Amino acid sequence: MLQKADYNAAFFVAAALILFFIGGLLTTVVPPLLDQSWTKPFENNDPANGPTGKLKPLNEQQLQGRAIYVREGCWYCHTQQTRTLLADTKRSGWRGVDAPISTPDEFVYDNPHLFGTKRTGPDLSRVGGKYNEQWHMAHFRNPADLVPGSIMPPFPWIANDPKEFAALVAYMQTLGRSKNWRPDNDYEK
Amino acid sequence: MEKEEIIQDAGEIPVSTAAVYSESIHEDRTAKMFLISSIVYFFIVGIIALLIAAKFVFPTFLGTIPQLTYGRLRPLHVNGMLFGWLLACDMALMYYIVPRLCGVKLWSEKLGMATAVLWNVIILGAVVSLLMGWNQGWEYAELPLPLDVAVVVAWVMFGANLFLTIANRKYKAMYVSLWYAMGTILWTAFVYLTGNFATLFATGVNQANLNWMYVHNAVGLIFTPVGLAIAYYFIPKTSNTPLYSHKLSMIGFWSLAFVYVWTGAHHMIHGPISQWLQTITIVFSVMLLIPVWAAVYNFFSTMKGQWHQLRDNVSLKFLMSGVVFYLLTCFQGPMHSLRAVNAIVSKTDWIPGHAHMAVLGAFSFFAIAGAYYMVPRVFKTELYSNALANWSFWLFLIGGLGFFVTLWLGGFWQGWQWNNPAIPFIDTVIALKPIWHTRLASGFLMFGGIVAFAYNILATIVGSKGKEVHAEPAAAAA
């Protein structure tokens, strides 16, 4: 059937594109139409349906912090997804409470998305609220001081810039907080 | 009966007919310029590769200068190798192969030269913007929008030139390499638009899904088909043996055209994306074994009774070890997509081991083989040194294996540790340090391969000035 494509370039082009577009459209355009959770922000008020909470868009300072996270390439080493693996829910957990798995509706406002592909450092999908500003200050100055053996490089130009530092920390404190999944605020109050 | 004959014809083009024309009508200015610049980037970005490998061993190395941190050098390494070296070298080889398989000159050398200039402007722009941290935040699509637009323009110029060459062709039957060249041009256009432009209109998981469609198909529908175009051309050509089966190459091509595009979301297995989509991508990922095995079986069968040629033929060494790496990497891919395996290897150091085997072990080996074959012919001279070429092969092979194998072992080990939450995360980092030392050492070997390769090619080109060796040895060796 496709032997015609050996001789006829126009037929070839049509066949190559049709075959490509079947899978191309079905896997990119169609899924968000079928699964509402890709585009509908997370909101749950009923504890019977799992963790409660509401996804809020980031404010201006948090967005600035997110831009720094993108600029410095933090996402090359830190993923932002608690996967459907028991170990992930434990590792993202805090003080004996397991973290809920990440769901698409928690990321609706993310642009660019920062799910990541490589975990050279720990996952950050539920890091919000775990460490206070002083901890982050010491950590950005020299991570290995706080975590011996860490290979994360120091970021003095962020630690020494009060505005950038505050923005980045403000962003990180939002990570994973749309779901109320653990006793309130370990340090904030 | 008649059909069989014509098909036979198509299979023989690279061995017989095209060779007659190859030394007479072609100017190859564009091919030369793309090739030279790609090799220069191979060398420069090779240094960056060593720097980032060193940062795993010495975390504070060059760490206080923002432009030289890991987070900025890594995208430069990835983009530089993918687009500065590999794609540019692949394009050079397409500018060389396509006119020969068509029996006509390239449609326009002027357009080709303009494409080469634009391509270099893009790569230099990429260096500046990535070091400055002007990063869009999408893997493989880091470059800022103006450069994305320039890439599209360059790709249209490249595609138009080759398609018009094909439209003017003298031979009616199109050999496999031409299909793969055309497939690359067409699919890349849409894959690139998805990853760099469609993503602008999406957020969250929807955007990630488009991003992975691009990331996966940048390898699967750009580097794979153009790499196979090269392999299908140079394996029969350099061993002077006709391709084993035309039918098998058809099965390989058309199944690749259908299957590859479905698999992007396998980068999100266990992640926050619909389970049914994960299952679909797993099914199609496993089906990838069909196009892969069709191509690999064809190459191995072509070499049947000809393996002794590997002893003296450096191009063939690169090509056939590239085929083995292609088989291995494409066996790993479908296996990674299985949920049970994915739970261990995903996000670990296994993945760079896998990715480097595809892009370096398979597709760069094909490109290097093509360069070794093409350069003496287009510059009408002999290769500067066969011994040095042999050295480059062994340095790449040993360095590459050292890199791939240690990262697989380390990645698997890391994945098992991650799945035991009793082990603190930092202990899984410390455990990997010996792996990263070995990776750096292997990196030095591979860089030695780059130096030997680049020096050999450049010395051949420089040496060709003034000593016009006739096309004779080239044709005889072919």
For B:Gly183, are the conditions met, namely being in contact (Cβ under 8 Å) with a residue 24 or more places away in the chain, closer than 30 Å to B:Ile351 by Cβ, more than 11 Å from chain A (Cβ to nearest Cβ) and in a helix (DSSP H, G or I)?
-> no
Do we have A:Gly116 as within 12 Å of another protein chain (Cβ to nearest Cβ) and on the phi > 0 side of the Ramachandran plot here?
-> yes
Segment B:130-158: number of residues that are of a type in the set (Gly, Ala, Ser) and within 11 Å of another protein chain (Cβ to nearest Cβ) | 3
In this structure, does B:Phe453 turn out to be away from every other protein chain (no Cβ under 14 Å), buried (at least 17 other Cβ atoms within 10 Å of the Cβ) and either in contact with a Lys or Arg (Cβ under 7 Å, 6 or more places away or on another chain) or farther than 26 Å from B:Ser38 by Cβ (or both)?
-> no
How many residues does segment B:68-93 hold that are crowded, with 24+ Cβ neighbours inside 10 Å, closer than 19 Å to B:Ala231 by Cβ and either facing another protein chain (nearest Cβ under 10 Å) or not acidic (Asp, Glu) (or both)?
-> 8
Segment B:194-210, subset at the interface with chain A (Cβ under 7 Å from one of its Cβ atoms) and assigned to a helix (DSSP H, G or I), residue surrounded by the fewest Cβ atoms within 10 Å (Cβ to Cβ) | B:Thr194
How about segment B:275-323: which of its residues are crowded, with 16+ Cβ neighbours inside 10 Å, among the small types (Gly, Ala, Ser) and more than 14 Å from chain A (Cβ to nearest Cβ)?
-> B:Ala295, B:Ser315, B:Ser321, B:Gly322
Among A:Gly121, A:Gly129, A:Gly149, which is surrounded by fewer than 22 Cβ atoms within 10 Å (Cβ to Cβ), facing another protein chain (nearest Cβ under 7 Å) and either in contact with a His (Cβ under 8 Å, 6 or more places away or on another chain) or assigned to a loop (DSSP other than H, G, I, E, B) (or both)?
-> A:Gly149
Which numbered condition B:Pro75 fails, given (1) part of a helix (DSSP H, G or I); (2) closer than 26 Å to B:Ala369 by Cα; (3) in contact with a helix residue (DSSP H, G or I) (Cβ under 6 Å, 6 or more places away or on another chain) | (2)
Hey, among the residues in segment A:36-88 that are among the acidic types (Asp, Glu) and in a helix (DSSP H, G or I), which one's surrounded by the fewest Cβ atoms within 10 Å (Cβ to Cβ)?
-> A:Glu60
Residues of segment B:159-180 satisfying the condition of being facing chain A (nearest Cβ under 9 Å), assigned to a helix (DSSP H, G or I) and surrounded by fewer than 17 Cβ atoms within 10 Å (Cβ to Cβ) | B:Ala167
Considering only residues of segment A:67-83 that are within 9 Å of chain B (Cβ to nearest Cβ) and closer than 18 Å to A:Ser178 by Cα, which is farthest from the chain's Cα centre (by Cα)?
-> A:Arg83
Could you say whether any residue in segment B:377-384 is farther than 17 Å from B:Asp312 by Cα and either part of a helix (DSSP H, G or I) or free of Cβ contacts under 8 Å to residues at least 24 places away in the same chain (or both)?
-> yes
Checked B:Gly264, B:Gly271 against criteria (within 14 Å of chain A (Cβ to nearest Cβ), surrounded by 23 or more Cβ atoms within 10 Å (Cβ to Cβ) and in a loop (DSSP other than H, G, I, E, B)); the one match is B:Gly271
If you go through segment B:97-117 one residue at a time, do you hit one that is closer than 30 Å to B:Leu50 by Cα, out of contact with any helix residue (DSSP H, G or I) (no Cβ under 7 Å at 6 or more places or on another chain) and either more than 14 Å from every other protein chain (Cβ to nearest Cβ) or not in a helix (DSSP H, G or I) (or both)?
-> yes
When segment B:340-364 is checked residue by residue, the ones that are among the β-branched types (Val, Ile, Thr) and in a helix (DSSP H, G or I) are B:Val341, B:Ile344, B:Val345, B:Ile351, B:Val359
Can you pull out the residues in segment A:89-111 that are facing chain B (nearest Cβ under 7 Å), buried (at least 23 other Cβ atoms within 10 Å of the Cβ) and part of a loop (DSSP other than H, G, I, E, B)?
-> A:Ser102, A:Phe107
Qualifying positions in segment A:1-35 - of a type in the set (D, E, K, R), more than 7 Å from chain B (Cβ to nearest Cβ) and not in a helix (DSSP H, G or I) = none
Residue tally, condition of a type in the set (A, V, I, L, M, F, W, C), free of Cβ contacts under 8 Å to residues at least 24 places away in the same chain and not in a loop (DSSP other than H, G, I, E, B), over segment B:23-67 | 1
Of the candidates B:Leu316, B:Leu328, B:Leu310, the one satisfying the condition of being in a helix (DSSP H, G or I), in contact with a Leu (Cβ under 7 Å, 6 or more places away or on another chain) and modelled with pLDDT of 95 or more is B:Leu316
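Table: residues versus (1) more than 30 Å from A:Pro148 (Cα to Cα); (2) β-branched (Val, Ile, Thr).
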{"residue": "B:Glu382", "(1), (2)": "yes, no"}
{"residue": "B:Ser385", "(1), (2)": "yes, no"}
{"residue": "B:Ser392", "(1), (2)": "yes, no"}
{"residue": "B:Leu397", "(1), (2)": "yes, no"}
{"residue": "B:Leu407", "(1), (2)": "no, no"}
{"residue": "B:Phe412", "(1), (2)": "no, no"}
{"residue": "B:Ser442", "(1), (2)": "no, no"}
{"residue": "B:Leu445", "(1), (2)": "yes, no"}
{"residue": "B:Ile450", "(1), (2)": "yes, yes"}
Given (1) under 30 Å from B:Glu382 (Cβ atoms); (2) at pLDDT 95 or above, number of the condition B:Gly353 does not satisfy = (1)
Kindly check whether there is at least one residue in segment B:223-244 that is more than 21 Å from the chain's Cα centre (by Cα), in contact (Cβ under 8 Å) with a residue 12 or more places away in the chain and in a helix (DSSP H, G or I).
-> yes
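The values are calculated or read from the model by the stated rules, or taken from the named source; none is laboratory data. Since this is a predicted model, take the numbers as computed values, not measurements. All Cβ positions, even for glycine, are placed from backbone atoms using ideal geometry, and neighbour counts span all protein chains on display.
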